[in-house]
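Asker: One structure, as structure tokens, below. Some questions next.
None of the figures in this text is laboratory data; all of them are computed from the coordinates on show. None of these values were measured; they are calculated from a predicted model. Glycine gets a Cβ as well: all are built from the backbone with ideal geometry, and neighbour counts include every protein chain shown.
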Amino acid sequence: MRIRRLFLLFFSLYGLSTICAQDFDKYFSDNTLRADYIFSGNATTQEISLSGLSKSAGWAGRRVNLDTLLLQGNAQVTMTDCESGRIIYKQALSTLFQEWQHTEEATNVRKAFENTILLPLPLKKARITVTLCDNRRKTVAEMSHFVNPDDILIRHARKHLSENVVKDYLINGKSSDCIDLLYIAEGYTKAEMPQFYADVEKAVHALFSHKPFDKYRKHFNIRTVAIPSECTDVSEPLKGKWHETPAMSHFSTFYSDRYLMTEHLFRLHDLIEGIPFEHIVILANTPTYGGGGIYNLYMLTSARQKWFEPVVVHEFGHSFAGLADEYFYDDQYETYYPADTEPWELNVTTLADFDKKWRHMVKDVSLRNTGDVGIYEGAGYQSKGVYRGSFNCRMRTNEYPEFCPVCRESIEKVIKYHIKSVK
Ligand SMILES: [Zn+2]
């Protein structure tokens, strides 16, 4: 009897999951809804406001696992069909605003940050909820609004860059079947565009030389955007240099010298609207070391320095797979990862809930410097209380040649979450 009941339970749960695993075409048209939000506040307060909506033809994003999240990120977007009350799409991301909240500046001033989130356009009226979480993964701000696909004030956007500027670099299939990456030139003059394409070549080669990306090359599409800048290089506030560049990036983001980022997300998305993409890789034509990558937002790195290849892959680890940094400082000034909370990033643990991480890969928890998977203290900027899976990894140092086994498994999970079937 017990077996039979278990059997029935299994089938009823299975039945439930097939109802939830909806068909993309039942709820969405093949169009992209761009939702612009302002996240504002200071170190302890946060507010979310809708800034604008637009739509463009084609949806290059996920068409599977629509109502489930693999990674939680620091922010989530949930779309609910108003008629049925069913969740039809979820997306997770992290934001520059939440990083800024940890800076000293955030204790003195309120600031507002632009965030653009791309969603599939619903066929019927839907409710969109945006949630921001703190580092204990508790909701600290939430805002809901409705989207009616017939709303006349949803701006019609279209691709406006010419074929000379947007090029296919590597097309392995339809956008609906592949993960679409967009490489953008930042700080290259018109005459320097051959250099940009050579840098793309290097970056793509570096990515697919890393396991497990090598195995999944056929599941990626790559396009390039080559908008010329007036002069070479990007802005370097420390040197008093400010340049007009497509993404308006600059070093010294949050007064951190090497942090090369852009806060002009609306402008960036204005430039590239209508182009099929899911992940943004910005290559900066500068010899100064720097960059950054934020989960499901974008990544940026300097292409003219000797660590370009490892760094472009490292930052993609952040922006594509939500991997945490595995390095740490001895003089940490802040607890980034509280001991009572398991981080959402798959490659670090506080041991609060290690079963959800790489316990299945650990033979001996006392391993050190052996090259095997274990529990190594020091990760996520903290020398104590946060652990990584291997002594070294692409997410720890530029010199080390590959991702550790824990990161490799995490990246594979992310790739499989995005695509229908693995070839
Ligand atoms: Zn790793």
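Asker: So for the chain: antiparallel DSSP bridges make up what percent, rounded to the nearest 5?
Answerer: Close to 75 percent.
Asker: Moving on. Between SER256 and ARG110, take the C-beta separation as r, use R0 = 30 Å, and let me know the FRET efficiency to the nearest 0.05.
Answerer: 0.90
Asker: Given the options SER390, VAL109, GLY173, identify the residue whose Cα lies farthest towards the positive end of the charge dipole of the chain (+1 on Cβ of Lys, Arg; -1 on Cβ of Asp, Glu).
Answerer: GLY173
Asker: Please give the length that would be gained between THR139 and GLU163 if that part of the chain were fully extended, namely 0.36 nm times their separation in residues minus their C-alpha to C-alpha distance (nm, one decimal).
Answerer: Net length gain for the segment: 4.3 nm.
Asker: Separation between the PHE208 and ASP151 pseudo-spin-labels, each 7 Å from Cα along Cα→Cβ, expressed in nm?
Answerer: If labels sit at PHE208 and ASP151, their model points lie 4.0 nm apart.
Asker: Run the count for region 276-423, please: Lys pairs, Cα-Cα under 19 angstrom, 8 or more apart or on different chains.
Answerer: 6
Asker: If we count GluC sites (Glu not before Pro) as exposed when they sit in a DSSP loop and have at most 13 other beta carbons within 10 Å, what is the longest stretch of the chain that avoids them all?
Answerer: With GluC sites (Glu not before Pro) excluded where exposed in loops, the chain gives 245-333 as its longest stretch.
Asker: If you count, for each residue, the other Cβ atoms within 10 Å and average over each peptide, how do 237-243, 348-354, 116-122, 281-287 line up from highest to lowest?
Answerer: With the highest mean Cβ count within 10 Å placed first, the list reads 281-287, 116-122, 348-354, 237-243.
Asker: Let me ask another. Considering the options VAL348, VAL234, PHE220, tell which one lies farthest towards the positive end of the dipole of the chain, charges being +1 on Lys and Arg and -1 on Asp and Glu at the Cβ, about the Cα centre.
Answerer: Among VAL348, VAL234, PHE220, the one farthest towards the positive end of the dipole of the chain is PHE220.
Asker: Okay, moving on. Run the dipole for the chain about the Cα centre, Lys and Arg Cβ at +1, Asp and Glu Cβ at -1, nothing else charged, and hand back the magnitude in debye, nearest 20.
Answerer: Computed charge dipole of the chain: roughly 1580 debye.
Asker: To continue, here is another question. Mind checking the alpha-carbon convex hull of the chain and giving the volume per residue in Å³?
Answerer: Cα-based convex hull of the chain, divided per residue, equals 159 Å³.
Asker: Report the local net charge at PHE113: Lys and Arg +1, Asp and Glu -1, summed over other residues whose C-beta lies under 14 Å from its C-beta.
Answerer: It works out to a net charge of -3.
Asker: Would you work out which of GLY322, ILE294, GLY378 lies farthest towards the positive end of the dipole of the chain? Charges go on Cβ: Lys and Arg +1, Asp and Glu -1.
Answerer: GLY322
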